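*Asks:* Let me give you the structure first, and then I'll get to my questions.
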Amino acid sequence: MTDQRQSVPVGTPAAPGQVRPERPRAAPAAVRVAGGRWRDDLRAVEVVWKRELIRFSRNRLRIVTSLVQPVLFLFVLGTGLSSLVAKGLPAGSGVSFRTFMFPGVVAMTVLFTAIFSSVSIVWDREFGFLREMLVAPVRRGALVAGKCAGGATVATIQALIMLVLCGLVDVPYSPTLLLTLAGEMLLAAVTVTALGTALASRMAQVESFQVVMQFVVLPLFFLSGALFPVHGLPTWLSVLTRLDPLAYIVDPMRRAVFAHVHTTPAVARTFGATLSWGSFHLPVGLELGVTAAFGALMLALAVWAFARTE
C-alpha cells in the first residue's frame, strides 16, 4: 500500500491524511558563565563602589554629624590650647596652635569616616546582603576592592570639605598645597579603609566591631602626633608614635602646611619638626611609601579574610 498522506506548507492547517513538516530548529544561543574574567571583576568593583556613594549621599545627617567632631577639635580644643601655647611663642610668629592642629584634624576626619564606612560590612552580614554578594560569580577580591574604593572616596570627600576651613586657621588657599593635601588624604583614606575592612570582615555583630574600633581608632589618632609635636617625647611614647601608621601620613601633611606658612625659624623647628628614626629624619617619599605598604598589607589581609568568609 502506498502512503496517501501528503505534506502541507508550514503555516497552513493540515487536512486529514496530510502531514505537517517539522519546523527547522534554531541554533542554541551561546551562553557565557559570568565570573573569571577581569571585565566581570571590574564591573563588580564599580557596582560596590557606586553603592557606597549612594548610601553616603542619601544619609545627609551622617554628612553633617561627621563634620561636627573635627570642627569641635579644631576650633574649641584648638582655641583653648592656643591660649596656653601662645605664651611660649615669640611675637609675630604668624601661626597659632590651630594651624598646627589642622593637618591632624584633617587626618582625623579621614580616619573616622573611613572606619565608619567599614561598619557597613557588618551590617550587610547581619541583614544577609553580604551572603548575596559572596555568591556572586566574581572574585572576592573585587568585592574588597569595591568596598575600599567606596569608603576611601567617601572619606576623601569629607576631608575635602574640611579644606574649606583653611583660611580660618591661617593656612593659605594655595592650589599646590590643596592638591598635595588631597593626594595625601586619598592615600590615608585607602589605607584606613583597608584596615577597617580587614577587621570588619571577621566580625558578625556591630557591637563587637564598635568595641574593637575603640581599641584601634583612638590609639591611632592620639599616637599619630595630630595634637602634639612628635619630637622631645618620652622614649616609650616616641616608640609608640613611630609604630603608628597614621603618623606617617600626618607628618607629610603638616610639612606641606608649614612649607606654605610664613613663620619664624624657631616656630618652624618646634611645630614643623619632621618624624625621625633616631637621628635619621624621614623624607616625605619614604613616609608615603610606609603608608602605602601598610595599606597594601591591610588590603591583602582583607582579601584573605573575605576568601575565608562563609
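The values are calculated or read from the model by the stated rules, or taken from the named source; none is laboratory data. This structure is a prediction, so every number in the text was calculated from the model and none was measured. Please note: Cβ atoms are built from the backbone with ideal geometry, for glycine as well, and neighbour counts cover all protein chains shown.
*Asks:* Mind checking whether some residue in the stretch 230-241 is of a type in the set (G, A, S) and either modelled with pLDDT of 85 or more or in contact with a Cys (Cβ under 9 Å, 6 or more places away or on another chain) (or both)?
*Replies:* Yes: one or more hits.
*Asks:* Sticking with this structure for a sec: Would you check which residues across the stretch 192-251 are part of a helix (DSSP H, G or I), in contact (Cβ under 8 Å) with a residue 12 or more places away in the chain, among the β-branched types (V, I, T) and closer than 21 Å to F294 by Cα and list them?
*Replies:* Of everything in the stretch 192-251, those that are part of a helix (DSSP H, G or I), in contact (Cβ under 8 Å) with a residue 12 or more places away in the chain, among the β-branched types (V, I, T) and closer than 21 Å to F294 by Cα turn out to be V192, T193, T197, V212, V216, V217, T241, I249, V250.
*Asks:* Can you tell me which of (1) under 22 Å from the mean Cα position of the chain (by Cα); (2) surrounded by 15 or more Cβ atoms within 10 Å (Cβ to Cβ) is the one A293 doesn't meet?
*Replies:* The failed condition is (2).
*Asks:* Here's something else I'd like to know. From the list T263, T274, exactly one residue is in a loop (DSSP other than H, G, I, E, B), more than 30 Å from V135 (Cβ to Cβ) and touching a residue at least 60 places away in the same chain (Cβ under 8 Å). Which is it?
*Replies:* Exactly one residue qualifies, and that residue is T263.
*Asks:* Further question: Across the stretch 170-187, what is the total count of residues that are among the β-branched types (V, I, T), buried (at least 20 other Cβ atoms within 10 Å of the Cβ) and part of a helix (DSSP H, G or I)?
*Replies:* Summing the residues that are among the β-branched types (V, I, T), buried (at least 20 other Cβ atoms within 10 Å of the Cβ) and part of a helix (DSSP H, G or I) in the stretch 170-187 gives 0.
*Asks:* Something else now. Suppose the filter is within 28 Å of A302 (Cα to Cα) and buried (at least 19 other Cβ atoms within 10 Å of the Cβ); does C148 pass it?
*Replies:* Criteria met by C148.
*Asks:* Can you spot a residue in the stretch 12-21 that is in a loop (DSSP other than H, G, I, E, B), among the aliphatic types (A, V, I, L, M) and modelled with pLDDT under 60?
*Replies:* Yes, because at least one residue in the stretch 12-21 is in a loop (DSSP other than H, G, I, E, B), among the aliphatic types (A, V, I, L, M) and modelled with pLDDT under 60.
*Asks:* Just a yes or no: is a residue in the stretch 73-82 under 19 Å from V192 (Cβ atoms), modelled with pLDDT of 85 or more and part of a helix (DSSP H, G or I)?
*Replies:* yes
*Asks:* Give the number of residues within the stretch 262-279 that are modelled with pLDDT of 80 or more and surrounded by 19 or more Cβ atoms within 10 Å (Cβ to Cβ).
*Replies:* Qualifying residue count for the region: 1.
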